[in-house]
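The values are calculated or read from the model by the stated rules, or taken from the named source; none is laboratory data. Note that this is a predicted model, so its numbers are computed, not measured. Cβ placement follows ideal geometry from the backbone for every residue including glycine, while neighbour counts extend to all protein chains displayed. Note: areas computed on protein heavy atoms with side chains; ligands, DNA, RNA excluded. Shrake-Rupley method; radii C 1.70, N 1.55, O 1.52, S 1.80 Å.
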Amino acid sequence: MKHTIWHSLLLSLFLFFGVALAQPKNEVTVKDLLEQEDIKQTHSQDKSLNTFIGWDMLGRETPRGSMQGFLTAARQSDYEQAANYLDFRNLPFKVEETHKAEIARQLHVSLDRALWVDIDGLSNDPLGTLPENVPDYRDLVGTIDTPEGKVAVLLQRVPFNDNRIWKISNATVAKTPLLDKYYGYSELGEWLSMNLPSYRFMGVMLWQWLYFSVTLLLYVVLASVGFWLLIRISRFANLKVANYLRFLYGPLSFLTATILARNYADTSNVTFAVKAVAEASTLSIFAWLWFLWRIADLFKQKYSEKLIAEGKDHATYLLRPAGNVIKSLLVIAAALIWLENLGFSATTIMAGLGIGGLAVALAAQKSVENLIGAITLYSSTPVKVGNLCRIGQFIGTVEEIGLRATRVRTIERTVVYIANAKFIDMEIENFSEREKMAFRPKLLLAMPESNSQLEQFNVALKALLDNHELIDENPCRVYFKGFSPFAVELYVLSYIATTNFETYLQVSDEIHFQIMALLHQHQLTLASPELLSV
């Protein structure tokens, strides 16, 4: 049982970090999307200034301004406006007969799905001065791979009112039907994009949020039904795995759904923004975190049952803080992986937290020492709650082993709190761990009148101890130990077979009276204290 749970936990951790760290990283992250929104706002402000200082109201004086204007209009679904940034001169008849706004829409969809446009990477010079392997009157935005060859996305300087402006080249516009053939939305995607509001969040359109949310929901239902059937079959076959599946039903269904959605979702409507949000793996990380959280609960429950069955109820107190520590580490690891997937450097974040963490660690040094002390006490169990012990100079009963200190109630009924870090280094005599209690009366007798008196007394005392039902038969010794001034000393060693102190006192009391009777019977007396002190 224990090995099965451990193997499940280790396998889950391996898969969690393996999947999280081995995912193929998209070239665009959520951080890039957020930065692009900032750039968009900045350019919008710049465009308002162009009303006063720029001669082209659409901001097409530079390659950067023209491409930014096209993307801004297209993302607002204003394709009539976006068409003003395309060069429609000298196009093939098949392209010319298509509505200009539709060409602008198709090109925008293709760019959204196949080419991430780095606005800041484009030239902001009216002459387009960035070094590229294209003619001086053109600027290269990027290339898109298709089964029929590469398509260059170009900006080109064209005449406009006795001046020149930048537009998306007619060479690129002519390839728009080809790009739409391979990078256009599916029929359902086209219909949704046309009929739902063009609202965007983090670069993802509303209809895409709805589309992929519904897809995920369908996979959740599919996974839930699948695991429900598996549980029913396992319970019918009396398999132990049914209990584990039932315990993990929720997180396991959701985790399976996210894996299926990630690997088998329709990709015909996926844009760079969708990829960036998907690469953040927010739902996947949450699903893994939920699953591992439940695995930790399962491990705590099963191990607690095992400790209780072994009579180690006290050790179960440590499972709760240990479980909280494990869960906290899982949350921290998930948060760092999520931030890394978003495009932020987890290493930089950890370095920034390092100084504060060091200060906290120094401040919590004693607390950590006491916590480690508590773990040591629970694992090595030199004492248990309820044990009567001698701890240093104190004798008392252990009432509680906390995370910071151990509480001991002394035989004077006072309470002493001992820090765990100090407690584990103290000498501890655990009276409750005795399997039997020693009975060793000290007998110093006055010098007998004859040897036979002492011999007969020893035989009678030995028989008394041997015949008592609570005196352990081995060892049980009665011998003439030796001489003391004005006295003879007997050596008596026996054990009362009990760990109950009240029972011990009753048996001891009974035997002491019987020893007194034997002394009277054999006419022996205890040595006088006055003589012993001479």
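Peptides 483-492, 104-113: what's the order by average Cβ count within 10 Å, highest mean first?
Working: 483-492: 14.7, 104-113: 22.8.
Descending packing order for the listed peptides: 104-113, 483-492.
Per-residue accessible area for residue 258 at 1.4 Å probe radius, Å² rounded to 10?
10
Rg and Dmax of region 390-439, Cα atoms, in Å?
For region 390-439, the Cα-based Rg and Dmax read 11.6, 38 Å.
How big is the accessible area of residue 219 in square angstrom, nearest 10, if you roll a 1.4 angstrom probe over the protein chains?
Number for this one is 50 Å².
Please report, as a whole percent, how much of the solvent-accessible surface of region 147-303 comes from carbon and sulfur atoms (probe radius 1.4 Å).
After summing per-atom areas, the C and S share lands at 64 percent.
Quote the convex hull volume per residue of region 172-219, based on C-alpha atoms, as a whole number of Å³. All intermediate terms of the calculation are to be shown ahead of the outcome.
On the way: hull volume 5.1 nm³, N = 48.
Dividing the Cα hull volume of region 172-219 by its residues yields 106 Å³.
In whole angstrom, how far apart do the alpha carbon centroids of region 451-512 and region 60-136 sit?
When both Cα centres are located, 109 Å separates them.
Just by accessible area at a 1.4 angstrom probe, what is the order of 75, 440, 294 from largest to smallest? Kindly include the intermediate steps, with their values, before the conclusion.
Details: 75 35, 440 145, 294 70 Å².
Correct descending sequence by accessible area is 440, 294, 75.
Compute the accessible area per residue over region 409-507, keeping the other protein chains in place, probe 1.4 Å, unit Å².
Values: 6200 Å² over 99 residues.
Accessible surface, normalised per residue, equals 63 Å².
Tell me the carbon and sulfur percent of the accessible area for region 90-139, rounded to whole percent, probe radius 1.4 Å.
Carbon and sulfur together cover 49 percent of it.
Determine the alpha carbon to alpha carbon distance for each of 422/442; 240/300; 384/481; 306/422; 436/462 and list only those over 28 Å. Working shown, then result.
Numbers: 422/442 37 Å; 240/300 18 Å; 384/481 39 Å; 306/422 30 Å; 436/462 19 Å.
422/442; 384/481; 306/422, as the Cα separations exceed 28 Å there.
Using the Karplus curve 6.51 cos²θ - 1.76 cosθ + 1.60 with θ = phi - 60°, what ³J(HN,Hα) values do you get for each residue of region 245-262, in whole Hz, with x for Gly and Pro?
Once rounded to whole Hz, the list reads 4, 5, 5, 9, 4, x, x, 5, 5, 5, 4, 4, 5, 5, 5, 5, 5, 6.
Expressed as a whole percentage, what fraction of the accessible surface of region 405-534 belongs to carbon and sulfur atoms when a 1.4 Å probe is rolled over the protein heavy atoms?
Numbers: 4220 of 8210 Å².
Carbon plus sulfur share of accessible area: 51 percent.
Could you provide, to the nearest whole Å², the per residue accessible area of region 185-276 with probe 1.4 Å? It would help to have the intermediate numbers written out before the result.
Numbers: 5390 Å² over 92 residues.
Averaged over the residues of region 185-276, the accessible area is 59 Å².
Could you give me the radius of gyration and the Dmax of region 152-277, taking only the C-alpha atoms into account and expressing both in angstrom?
According to the Cα coordinates of region 152-277, Rg and Dmax are 23.4, 87 Å.
DSSP loop (so not H, G, I, E, B), at most 15 other Cβ within 10 Å: list which GluC sites (Glu not before Pro) in region 140-235 pass both filters. List each step's numbers first, then the result.
Values: sites: 148, 187, 190; in loops: 148.
Those that pass, being in a loop and sparsely packed, are 148.
What trypsin sites (Lys or Arg not before Pro) in region 228-263 are in a loop by DSSP, with at most 14 other Cβ atoms within 10 Å of the Cβ? Show your work: numbers first, answer last.
On the way: sites: 232, 235, 240, 246, 262; in loops: 240.
Passing sites in region 228-263 are 240.
Once Rh is set to the Kirkwood radius over Cα pairs, what Stokes-Einstein translational diffusion coefficient, in µm²/s, holds for region 60-99 at a temperature of 10 °C and a viscosity of 1.306 mPa s? Numbers along the way, then the final one.
On the way: Rh = 11.0 Å.
It diffuses with D of about 145 µm²/s by this estimate.
Subtract the Cα-Cα distance of residue 426 and residue 403 from 0.36 nm times their separation in residues, and report this length gain in nm to one decimal.
Numbers: separation 23, 0.36 × 23 = 8.28 nm, distance 1.74 nm.
6.5 nm is the gain from fully extending residue 426 to residue 403.
Where does each of 415, 383 land when they are ordered by accessible area, with a 1.4 Å probe and the largest first?
Listed by decreasing accessible area, they come as 415, 383.
Return the FRET efficiency for the residue pair residue 286, residue 319: r is the Cβ-Cβ distance, R0 is 25 Å, and the value is rounded to the nearest 0.05. Intermediate values should be presented prior to the final figure.
Working: r = 25 Å, r/R0 = 1.00.
Efficiency at R0 = 25 Å is approximately 0.50.
Calculate, in nm to one decimal, what residue 463 and residue 528 gain on full extension: separation in residues at 0.36 nm each, minus their alpha carbon distance.
Difference between extended and current length: 20.7 nm.
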